[in-house]
1. Sort out which residues of segment 84-120 are of a type in the set (Gly, Ala, Ser), assigned to a helix (DSSP H, G or I) and more than 20 Å from residue 147 (Cα to Cα), and write them in order of number.
2. For segment 290-306, give me each residue that is surrounded by fewer than 22 Cβ atoms within 10 Å (Cβ to Cβ) and not polar (S, T, N, Q).
3. If we keep just the residues of segment 209-229 that are closer than 19 Å to residue 176 by Cβ and among the hydrophobic types (A, V, I, L, M, F, W, C), which is surrounded by the fewest Cβ atoms within 10 Å (Cβ to Cβ)?
4. Residue under question is residue 81, and the condition is that it be of a type in the set (Val, Ile, Thr), out of contact with any Cys (no Cβ under 9 Å at 6 or more places or on another chain) and under 27 Å from residue 23 (Cα atoms); does it hold?
5. Does residue 99 satisfy the criteria of being in contact with a Lys or Arg (Cβ under 8 Å, 6 or more places away or on another chain), over 30 Å from residue 208 (Cα atoms), aliphatic (A, V, I, L, M) and in contact (Cβ under 8 Å) with a residue 24 or more places away in the chain?
6. Can you tell which of 92, 102, 121 is over 19 Å from the mean Cα position of the chain (by Cα), farther than 20 Å from residue 186 by Cβ and crowded, with 22+ Cβ neighbours inside 10 Å?
7. Checking residue 136 against (1) assigned to a helix (DSSP H, G or I); (2) within 18 Å of the chain's Cα centre (by Cα); (3) not polar (S, T, N, Q), only one condition comes out false. Which one?
8. Surrounded by fewer than 17 Cβ atoms within 10 Å (Cβ to Cβ), touching a Cys at 6+ places or on another chain (Cβ under 8 Å) and not small (Gly, Ala, Ser): does that describe residue 42?
Amino acid sequence: MEQNPVTANGSPDLAVELGPLRLKNPVMSASGTFGYGEEYSNFVDLRRLGAVVVKGISLEPRAGNPPPRIVETPGGMMNAIGLENVGVEQFLSLKLPYLRELSVPVIVNIFGNTVDEYGRLAARLDGTPGIAAIEINVSCPNVKKGGMVFGTDPAMTGAVVRAVRAKTSLPVITKLTPNVTSISEVAKAAEGAGSDIISCINTLAAMAVDIFSRRPRLANVFGGLSGPAVKPVALRCVYEVTRAVKCPVIGLGGITSATDALEFLLVGASAVQVGTANFTNPAVTVEIVEGIKRFMEVEGIGDIKSYIGSLDTSCLFPFAEDSCSLIESEMS
């Protein structure tokens, strides 16, 4: 990889461009794990992040699912929170004013039960000072289609994106579910419908049971698996999506360190979101920013954009052939 010397003041340039969205560094929070931002203000200087992504917002307040709704798993956790939130009106009046004072890009994650609800949310947020972009959660059931999840069907994903795109001039991010046969096809549908940016992945559908009570460990029975265990899946999805679309991609899923974040950037993500790790280390986002900066200094990389997508796969095939030959010779 071609190295770019550090900037004149000796500090590497961490700024990234996600289409119309400009960030001072590629690290942001992930929706659903960072509250509305203010909850983490005692642990993190939010102004040091590339962006703050707030928990999912709906038209009306939601109480979420009954407990138990969080289960720890080996290498991560499962949640069935049920998208609990204060609703768009209370978010705008009670939560956004604090974030607006931080001078950090605020990305609002939205979800709905119908295509129309997505469009109405986008219209309500459009033109609101302090909102930098909208992230669409398509991992929600479409009540008019028998509960089929929007993001599992390229056509339905496209319909949601078009509805949002028609109602806002803000940058639109589509957050994809990994629970599909081909995430690349869904990504292309989102891009074709007007999504400026793709983020992936959301949680993996999962389940846990108790052998003694013989009951599910989540009241909702099913939940979303997140944390370090999902990182290899997330990396694969990001690698595939970045090669299927032309728009920028945000990577997330199991990121707990600067090394993890750099892996996502290496395979082609232009930025990353940090989720479950916030629960075990509330300061992890800023630590990751500092870790990326140190890596760039050690490696002599002046601009993070020169590192993004620089994965070299050309050496893998000869290496694989040599390895196979060695294994076969040892077995003969």
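The values are calculated or read from the model by the stated rules, or taken from the named source; none is laboratory data. Please read these numbers as outputs of a predicted model, since none were measured by experiment. FYI the Cβ positions are ideal-geometry reconstructions off the backbone, even for glycines, and counts take in every protein chain you see.
1. Selection gives 93 alone.
2. 290, 291, 293, 294, 295, 297, 298, 299, 300, 302, 303, 305
3. 222
4. Considered against the rule, which asks whether it is of a type in the set (Val, Ile, Thr), out of contact with any Cys (no Cβ under 9 Å at 6 or more places or on another chain) and under 27 Å from residue 23 (Cα atoms), residue 81 comes out as no.
5. No: the conditions fail for residue 99.
6. Criteria check complete, one pass: 121.
7. Only one criterion is unmet by residue 136, namely (1).
8. no
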